[in-house]
Amino acid sequence: MIMERLDKYLSSRTSYSRKDIKELAKKGKITVSGTIVKDTSVHIKDGDAVAVDGKTVEADRYIYIMLHKPKGVVSASQSPGDVTVIDLLPDSMRRDGLFPAGRLDKDTTGFVLITDDGDFAHRILSPKNHVTKTYEVTLRDDAKECYKKAFEDGIDLSDGTHCLSAKIEFGADPRKVTVYLREGRYHQVKRMFATLGNHVEELHRTAIGGLTLDPDLKESEARFLTKPEIQSIESLSE
Ligand code: URA
């Protein structure tokens, strides 16, 4: 049976801080299965109904957020001196334990998934599970036909790392390509094109698995994912 401290339970599912929770408890505003609880260090168990001010706090364990990352923001939970993807979230979306599931470089834009579900993050990031990440890439020089085979064979980076087989698609603009990767090595897209003698000028992630960045989300905006959207992330694996 899962047991969880009451203050941790509440701070991870509401926007109340631990301090707020202590105050609310002192005032008799917190109940567990109908009984007022003033000591927030008590452990609650599965099935206990927790309420603040008479409102039930749903036991939904984890949350999943889509963020449209702008340039200049760091994909980390904390980074002194920088603005992080977590800093961009409004208070109503914050809870303890949130982190970006996979990093984009500071100058990369696009879809960042933020969650507190470590197992889910592991599943979508593990190369074994082949969850595709899609990137729109703007190159310095025109893309060459030979890139297709290089991507399919798996590119060897300058440090000797062998990348998994990947896919590249050409668009109408010869400097713009779409790349599909199923692993996420450090600076991977930039290093792949450097190996091919080209250079990435702009990089934008448009999709994770079967879920595409919501075109209604402006840069820096975020929204919760629905259950079907969460499932669709894992539905597109190659
Ligand atoms: N590859 C990169 O080089 N940078 C990113 O941000 C993501 C993938």
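One table, with the values for the structure above:
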quantity: Test: residue in region 13-35 that is hydroxyl-bearing (Ser, Thr, Tyr) and touching a residue at least 40 places away in the same chain (Cβ under 8 Å); calculated: yes
quantity: Hits in region 79-104 - residues which are over 14 Å from the mean Cα position of the chain (by Cα) and modelled with pLDDT of 90 or more; calculated: Ser79, Pro80, Gly81, Asp82, Val83
quantity: Set Glu169, Glu202: member being within 19 Å of His68 (Cα to Cα), of a type in the set (D, E, K, R), in the same structural domain as Cys146 (by TED's automatic domain parsing) and touching a strand residue (DSSP E or B) at 6+ places or on another chain (Cβ under 6 Å); calculated: Glu202
quantity: Output for region 168-208, where each listed residue is modelled with pLDDT under 95 and surrounded by 14 or more Cβ atoms within 10 Å (Cβ to Cβ); calculated: Arg182, Glu183, Gly184, Arg185
quantity: Selection count, region 189-204, where residues are without any contact (Cβ under 8 Å) to a residue 40 or more places away in the chain and aliphatic (A, V, I, L, M); calculated: 1
quantity: Any hit, region 137-160, residues being at pLDDT 95 or above, among the aromatic types (Phe, Trp, Tyr), within 15 Å of the ligand (Cβ to nearest atom) and out of contact with any helix residue (DSSP H, G or I) (no Cβ under 6 Å at 6 or more places or on another chain); calculated: yes
quantity: Qualifying residue in region 114-126 (condition: touching a residue at least 24 places away in the same chain (Cβ under 8 Å) and either of a type in the set (Gly, Ala, Ser) or on the phi > 0 side of the Ramachandran plot (or both)); calculated: no
quantity: Yes/no for Gly81 being in the same structural domain as Lys227 (by TED's automatic domain parsing), surrounded by 14 or more Cβ atoms within 10 Å (Cβ to Cβ) and not in a strand (DSSP E or B); calculated: no
quantity: Residues of region 85-132 satisfying the condition of being in contact with a Pro (Cβ under 8 Å, 6 or more places away or on another chain) and not hydrophobic (A, V, I, L, M, F, W, C); calculated: Thr109
quantity: Those strands (runs of 3 or more DSSP E) lying entirely in region 1-68 with at least 1 residues of a type in the set (Asp, Glu); calculated: 3-5
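Conditions tested, residue by residue: (1) closer than 19 Å to Asp116 by Cα; (2) away from the ligand (no atom under 15 Å from the Cβ).
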{"position": "Val189", "(1), (2)": "no, no"}
{"position": "Met192", "(1), (2)": "no, no"}
{"position": "Glu202", "(1), (2)": "no, no"}
{"position": "Thr206", "(1), (2)": "no, no"}
{"position": "Asp214", "(1), (2)": "no, yes"}
{"position": "Lys218", "(1), (2)": "no, yes"}
{"position": "Thr226", "(1), (2)": "yes, yes"}
{"position": "Gln231", "(1), (2)": "yes, yes"}
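The values are calculated or read from the model by the stated rules, or taken from the named source; none is laboratory data. These figures come from a predicted structure and were not determined experimentally. Reconstructed Cβ throughout: ideal geometry from the backbone, glycine too, with neighbour counts over all protein chains shown.
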